[in-house]
1. Determine which single condition ARG58 fails, assuming it passes every other condition in (1) within 9 Å of the ligand (Cβ to nearest atom); (2) surrounded by 24 or more Cβ atoms within 10 Å (Cβ to Cβ).
2. Just checking, does the range 80-89 include any residue being crowded, with 19+ Cβ neighbours inside 10 Å, within 8 Å of the ligand (Cβ to nearest atom) and in the same structural domain as LEU119 (by TED's automatic domain parsing)?
3. For residues that are part of a loop (DSSP other than H, G, I, E, B) and more than 10 Å from the ligand (Cβ to nearest atom), tally how many sit in the range 21-55.
4. Condition (residue is without any contact (Cβ under 8 Å) to a residue 12 or more places away in the chain and not β-branched (Val, Ile, Thr)) applied to the range 30-52: is it met by at least one residue?
5. Answer yes if at least one residue in the range 98-109 is assigned to a helix (DSSP H, G or I) and within 8 Å of the ligand (Cβ to nearest atom), and no otherwise.
6. Kindly evaluate ILE123 against the criterion of being in contact (Cβ under 8 Å) with a residue 60 or more places away in the chain, surrounded by fewer than 23 Cβ atoms within 10 Å (Cβ to Cβ) and either near the ligand (Cβ under 10 Å from one of its atoms) or within 16 Å of ILE25 (Cα to Cα) (or both).
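The values are calculated or read from the model by the stated rules, or taken from the named source; none is laboratory data. All values reported here derive from a predicted model rather than from experimental measurement. Here the Cβ positions follow ideal geometry from the backbone for every residue, glycine too, while neighbour counts run over all protein chains shown.
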Amino acid sequence: MGLLNHGAAPAVRAQTQSRVEPDVIYVPTPQAAVDAMLDVAQVKASDIVYDLGSGDGRIVITAAKKYGARGVGIEIDPALVKKANDNAAAAGVANRVRFLTQDLFTSDISEATVVTLYLLQSINERLRPKLIRELKPGTRIVSHVFNMGPEWPPEKTIEVDRSRIFFWTIPSVPSRKLVGTYSGARRPAGKARRARIPRVFARGAMPPGGMPRPEYVNEFPPRDTNR
Ligand SMILES: C[S@@+](CC[C@H](N)C(=O)[O-])C[C@H]1O[C@@H](n2cnc3c(N)ncnc32)[C@H](O)[C@@H]1O
């Protein structure tokens, strides 16, 4: 398994998706960046840190060892899951962390309070609806090197050595400004029926010049939330 240069993009291994094939190869996050990721997320002992694509387990293990957090690593490669479990035992945190051989796109991540990523921007973008749908408001997300695309700009960006680290928070639903609340079934009198009008959308999520796509609507926080 070849390692790429520090900060370089992990290469996509599989063009056709097979659920036993990783979506991206294993490249470890350098320890300085791991420390910075956990620092920017302000990890504490009460947190449950999920690393999606957990490799040798270093992010989750560091969160447990340094901050007393609990953690879960989701990793598709069983050999890396074994290595992560061995590393957790060697670090004395096996009772606080677990590593699961699972596909990050189908794993249950709802208990996480912090999610860490080192994948690819395209994978982050595919993952984004799941993050928004499953994570609790206030859950922090930190990504090494890759952002979430232009529609969900990070709240913070920091640089460690030559790597960038991006930080987001899942918005609280009540804080969203509801500016559209009618569906085709409850449209105001005189309004023509329009196909698939979203029932709820946030002011800041409206793209310039148009109605958001339905799946866009609840995927992104308003730009002025959490600032
Ligand atoms: C770039 S490495 C990051 C490893 C670790 N998070 C770190 O930062 O050191 C990406 C990891 O994601 C795993 N992976 C790729 N596709 C996956 C999938 N669909 N589900 C779970 N893990 C996956 C790879 O096996 C690899 O270990």
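1. It is condition (2) that ARG58 fails.
2. Taking every residue of the range 80-89 in turn, at least one turns out to be crowded, with 19+ Cβ neighbours inside 10 Å, within 8 Å of the ligand (Cβ to nearest atom) and in the same structural domain as LEU119 (by TED's automatic domain parsing).
3. Final tally of qualifying residues: 7.
4. Here is the first cut: in the range 30-52, the ones without any contact (Cβ under 8 Å) to a residue 12 or more places away in the chain are 39.
Subset that is not β-branched (Val, Ile, Thr): 39.
Checking the range 30-52: at least one residue is without any contact (Cβ under 8 Å) to a residue 12 or more places away in the chain and not β-branched (Val, Ile, Thr).
5. From the range 98-109, those assigned to a helix (DSSP H, G or I) are none; that's our starting set.
No - not one qualifying residue is present in the range 98-109.
6. Yes: the conditions hold for ILE123.
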